[in-house]
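All remarks here apply to the structure that follows.
The values are calculated or read from the model by the stated rules, or taken from the named source; none is laboratory data. As the structure is a prediction and not an experimental result, all values here were calculated from the model. Neighbour counts run over all protein chains shown; Cβ positions are idealised from the backbone, glycine included.
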């Protein structure tokens, strides 16, 4: 599969129009099938099977296809993200790994950076080295920093050490020689010799994984790769084989941590690049929904059960970092994990989740998290024996959640138990239960806002330049107040919060990042060598992209360099003008560096030479079928979408107010509705405070204009509507939306109910009109995968729109 | 500068300097939620400023070792919050420096747009490269607080860092307390003088402006927070925050038995004569006094540890033992008093030099552990292989350009009640080691090895952490001058609670042991071997878990043939 596909559907001719996304998380495996021709999608969710993850995937895929009557041959391509390798690192379930390195340096892995991540704990634990000392071996060899051989590789000693490691049970071998980033010859030679002698031994060389200066970070990355590599090969081969056996013949892509796709062989070679693939898909989806909402700069907040994570989107693309820490010893503690040098979408853990518990600390202050109620017993309101106040309990007391419609009604939650959980805290602080509940909500929000402020400051930006995009079960519940704290003007809640990240898989381009080391000042640069180094990186990236089946004619290559002023201690990543480079490139490269420097630090310097440390190349190419367009159903009016009223707490309004509650699936399209409001959907609840307005866009995004800000969405929608009206005649498809809008939902609903089979076999087959409607309706499409579970109310609700046609 | 002279005179006169944070009175009502939210946001203010400072700084010490701090204080100079990534020394010194500013330039002489500056050895951090700046913050024309920052400058002139300078005048450019910026107008005279007196004028000034960017940012964020919460002053908030921390600290101290507990140690000193530091820790009710009476006199080498640094190290040690999780602000330190006779090496007087003050200062936190070892045996670790080690090299490149580099290497942590000491970890400071590959790129040297020193950890139920050994070889055709930060080559890090001492440090030039307090000149092919000390052991080695002993043998943490 991998490496051989061309991106074209093989089986089933023109019928092969489906993309299949697979996202394996710690608990659940999410599946999404998207029809590029019809614009529909189907969702599946199964439990992850950690003992044999491929089994869960295959069962889920089989069920999803069979349940919707879709032949496997219609699947044109598969895109896969997984947290398996991260978990293998965290749980230390990788292969027995050995290390061979330059004589004198086997302890680099254990000595690390020699810094502590916490100042006051004299007994702190740092990660145990993945390779124990007895499996770290040295051989005589030495390169200079310029890559010149100073001591030849002792090949006999190398083989003796490799034999000893294999005899000691190593299944995987990491090789790192000093300055191999400057000259990989010794590592390459060592690999060839050892591979010839031990063909079944998995081997990772440092220059293949992270050809970057600084031996500890490169070694940490190399060893992590070696540790998960045998596991990755086994798993990916098996999954690819099983998918083929199911009859899915299209190409099989893996999502990299940088949000790009690659083929299976590349993934097997450097699985360390996949560590953050799951979260990367989420960030891509956020960028997609943000662009749909007209926002290029986003703070994407994903708040789930135990944790809240954030990613920044700039210029419509997730911000990429070039290193991260895996398997942290202590949560939130920078420096307590394993440094991994890969390009990855930058994600930060910024706070607590819905299940996080509130407590009073030694100073008498209200704290939330990091302890969590987990799934069992869960928050007090679940009624499963939990008595401590969790964030979800507070949200319930404040009226943000509907006790009868939690998870779309799949679960009842008990307000009395939630309120009771507030009482011990109320007693300890002298506050009322409501004040405690608001306090929990507010403290959680402040933690997220503060972390976001610092994170954005680290990038030299002002938070007010960003819109907030909220996903995850608890995200939309908290987002309005977080946006308020950050002084943001717009908040976006995309549709289908529960499947968002899986959708991100389907819109990813093929992307390969490569890095090399070139330490030189610009005045002292050997430009021919510099150009040659970039060419080598680009050729390698191009080769992998071609193998991925990407359209080679449309490969876009961007050059970057890690640069700094001479004398500074760390670099900034600068996108450079196009090559080829020569001495004449100096002004352009200097200007590019100064522009980034100014953006981050306000003042470029004079009289200090600029230097490069690393060269980077990002090559990407569109992948056929990697487009997704969603459509909202669109109810008749705000009035019709109104489910009722309830008391909801807003500090801005001075307490509990009577607040309208809306059904998200029946909201009209492009109508401004004033806050306060609560908008309920199956996976979450959007809380909208007073003084703001919100509207559902045609693509299902809910866009909220925060208090005191102009309703930009309204202006945009107006302009758009005008254009639409003008083009309506020429383009019959443009009529679709207005039609959906005027149809009264009340009328449509009974008709929907009358339809047999609709419940069990949603949408897919039954719809002759599918072809005429190019865009998907996320709500409706979300049904099938859930049909087996308790989503009956939803299927009825989503029908009106279908009938409207 | 008459003002500086007065301060100096005061210091010399005092028979005994006492440093203690004084408690203010005011009380305001903040509930558990409001205070938490405001506090969290205040911390974000200083962390945001710290992020900006780190990103704009030239100094590798600032960027990679966080050798800086940022704080916000109220109008009285009492610190509200401190940046999360601060290092222990500045946590103790920066709030004091702000109060020195206030004492020297009273509020009526301050105006919006002013920025104050100093690197005074006694009023700052104990050595000249650390420059402190503070900006008064005004709201409606009234002084409501200060934003302040200390950062280690890339260079401050004077002799390249080594213990050799005999007086502060040899150590670089001194800035008394003065206005760097007055009502928005930069004091160009000072800037020109500073530029002329340092080796790296662009970088040193660049870092100074980076600090001022951080001050501006804290000011803006603080004022916007006050607007959001309708605060007109910060005093009530400070009192609340400090009050709560003080109460928690007092409760922790109250849990310890009253008494006076003594310990003393000897350092390598000037090699021919050890230096003795004596400490008596007195716990009485809710208060702690650390008294260094009996400590040896100051010396004419740059290892004198100014009182500000002594104070910072002492309170760091006490906090590790009593309340490691309390936030960093003066409230936590109020119950702690630190005393030392003027003229002793932990409270030197003008014109003592102090560039390498950590060669005394880093001994102080573990000395506190030693004093309280019998009181809280379950919370103390044995002596670590610190003070930190370093090698400074300077020379001229092939292209004829002068260069100077400082490389740091750490010893092992002491064994502790919960675990074996960590190998090669920076403590009490937090300075990372320079990557081998980077060292070879920026200096004309080869590093032959950088590895653990098996057997260097002191034996014990929990043994000490291993030190490391590093060998440099000069590849330079021109001579390289080298000087060292190297302690514990004569006196090993003691164990605690029955544990054995760790291995002494080693410094060898071409295989021969040499005096680490002197400067040497390397010619091509010369080698330097540094062996950092191992940590002392904790508890009786006879009680060591056999599984741990077996692991030490399997992994080679003890040399073959040695039984544990």
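Keeping to region A:648-663, report how many residues are in contact (Cβ under 8 Å) with a residue 24 or more places away in the chain, surrounded by 15 or more Cβ atoms within 10 Å (Cβ to Cβ) and under 27 Å from residue A:682 (Cβ atoms). Adding up the residues that qualify gives 8. Against the list (1) more than 18 Å from residue B:148 (Cα to Cα); (2) outside any strand (DSSP E or B); (3) within 22 Å of the chain's Cα centre (by Cα), the condition residue B:214 fails is (1). Annotation note: Cβ proximity below 7 Å between a residue of region B:394-421 that is without any contact (Cβ under 8 Å) to a residue 40 or more places away in the chain and a residue that is surrounded by fewer than 20 Cβ atoms within 10 Å (Cβ to Cβ) (sequence gap 6+ or interchain) occurs for B:405/B:442. Highlighted here are the strands (runs of 3 or more DSSP E) found entirely within region A:481-567 that include at least 1 residues which are touching a residue at least 12 places away in the same chain (Cβ under 8 Å), assigned by TED's automatic domain parsing to the domain that holds residue A:596 and within 30 Å of residue A:253 (Cα to Cα): A:510-521, A:556-565. For region A:170-228, a tally of residues being under 26 Å from the mean Cα position of the chain (by Cα) and in a loop (DSSP other than H, G, I, E, B) returns 3. Restricted to strands (runs of 3 or more DSSP E) entirely inside region A:48-162, those with at least 1 residues that are surrounded by fewer than 16 Cβ atoms within 10 Å (Cβ to Cβ), in the same structural domain as residue A:207 (by TED's automatic domain parsing) and touching a helix residue (DSSP H, G or I) at 6+ places or on another chain (Cβ under 8 Å) are A:149-151. Of the candidates B:48, B:36, the single residue that is within 14 Å of chain A (Cβ to nearest Cβ), modelled with pLDDT of 90 or more, part of a helix (DSSP H, G or I) and crowded, with 23+ Cβ neighbours inside 10 Å is B:36. Only one entry of A:144, A:104 meets the criterion of being at positive phi and either without any contact (Cβ under 8 Å) to a residue 12 or more places away in the chain or over 36 Å from the mean Cα position of the chain (by Cα) (or both), and that entry is A:104.
Where strands (runs of 3 or more DSSP E) fall wholly inside region B:475-532, the ranges with 1 or more residues that are free of Cβ contacts under 8 Å to residues at least 60 places away in the same chain and under 22 Å from residue B:276 (Cα atoms) are B:506-509. Whether a residue is over 29 Å from residue A:621 (Cα atoms), surrounded by 23 or more Cβ atoms within 10 Å (Cβ to Cβ) and touching a residue at least 24 places away in the same chain (Cβ under 8 Å) was assessed, and residue A:216 does not pass this test.
Of the residues screened, residue A:446 is not one that is surrounded by fewer than 22 Cβ atoms within 10 Å (Cβ to Cβ) and either touching a helix residue (DSSP H, G or I) at 6+ places or on another chain (Cβ under 6 Å) or in a helix (DSSP H, G or I) (or both).
Taking region B:180-196 as the range and being assigned to a helix (DSSP H, G or I) and exposed (fewer than 14 other Cβ atoms within 10 Å of the Cβ) as the test, the residues that pass are B:188, B:189, B:192, B:193, B:196.
Looking across B:98, B:54, one residue alone is facing chain A (nearest Cβ under 9 Å), touching a strand residue (DSSP E or B) at 6+ places or on another chain (Cβ under 8 Å) and either more than 29 Å from residue A:598 (Cα to Cα) or at pLDDT below 90 (or both). It is B:54.
Of all the residues in region B:380-418, those that are within 13 Å of another protein chain (Cβ to nearest Cβ), surrounded by 19 or more Cβ atoms within 10 Å (Cβ to Cβ) and in a loop (DSSP other than H, G, I, E, B) number 15.
Results for (1) in contact (Cβ under 8 Å) with a residue 60 or more places away in the chain; (2) under 30 Å from residue A:660 (Cβ atoms); (3) away from chain B (no Cβ under 13 Å); (4) not in a loop (DSSP other than H, G, I, E, B), shown as yes or no for each residue.
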| position | (1), (2), (3), (4) |
| --- | --- |
| A:377 | no, no, yes, no |
| A:381 | no, yes, yes, yes |
| A:386 | no, no, yes, no |
| A:394 | no, yes, no, yes |
| A:403 | no, yes, yes, no |
| A:418 | no, yes, yes, yes |
| A:422 | no, yes, no, yes |
| A:431 | no, yes, no, no |
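If you go through region A:347-375 and keep only what is closer than 22 Å to residue A:478 by Cα, in contact with a strand residue (DSSP E or B) (Cβ under 6 Å, 6 or more places away or on another chain) and not in a strand (DSSP E or B), you end up with A:353, A:355, A:373.
Residues are listed down the side, and each one gets a yes or a no for (1) out of contact with any helix residue (DSSP H, G or I) (no Cβ under 7 Å at 6 or more places or on another chain); (2) more than 30 Å from residue A:211 (Cα to Cα):
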{"position": "A:600", "(1), (2)": "no, no"}
{"position": "A:610", "(1), (2)": "no, no"}
{"position": "A:616", "(1), (2)": "yes, no"}
{"position": "A:621", "(1), (2)": "no, no"}
{"position": "A:629", "(1), (2)": "yes, yes"}
{"position": "A:641", "(1), (2)": "no, yes"}
{"position": "A:658", "(1), (2)": "yes, yes"}
{"position": "A:665", "(1), (2)": "no, yes"}
{"position": "A:668", "(1), (2)": "no, yes"}
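Scanning region A:621-641 for residues that are assigned to a loop (DSSP other than H, G, I, E, B), at pLDDT 75 or above and under 30 Å from residue A:543 (Cβ atoms) yields a single hit, A:622.
Given the criteria touching a residue at least 40 places away in the same chain (Cβ under 8 Å), assigned to a strand (DSSP E or B), in contact with a helix residue (DSSP H, G or I) (Cβ under 7 Å, 6 or more places away or on another chain) and under 25 Å from residue B:81 (Cα atoms), does residue B:144 qualify? In short, no. Being without any contact (Cβ under 8 Å) to a residue 40 or more places away in the chain, at the interface with chain B (Cβ under 10 Å from one of its Cβ atoms), closer than 28 Å to residue A:347 by Cβ and surrounded by 23 or more Cβ atoms within 10 Å (Cβ to Cβ) is not true of residue A:390. Against the condition in contact with a strand residue (DSSP E or B) (Cβ under 7 Å, 6 or more places away or on another chain) and within 11 Å of another protein chain (Cβ to nearest Cβ), how does residue B:445 come out, does it pass? Yes; evaluated as a whole, the condition is true for this residue. Once region A:405-416 is narrowed to residues that are assigned to a helix (DSSP H, G or I) and under 33 Å from the mean Cα position of the chain (by Cα), the residue that is farthest from residue A:381 (Cα to Cα) is A:408.
All conditions but one from (1) farther than 23 Å from residue A:488 by Cβ; (2) not in a strand (DSSP E or B) apply to residue A:656; the one that does not is (2).
Considering only residues in region B:526-558 that are within 12 Å of chain A (Cβ to nearest Cβ) and closer than 18 Å to residue B:378 by Cα, the one that is surrounded by the fewest Cβ atoms within 10 Å (Cβ to Cβ) turns out to be B:538.
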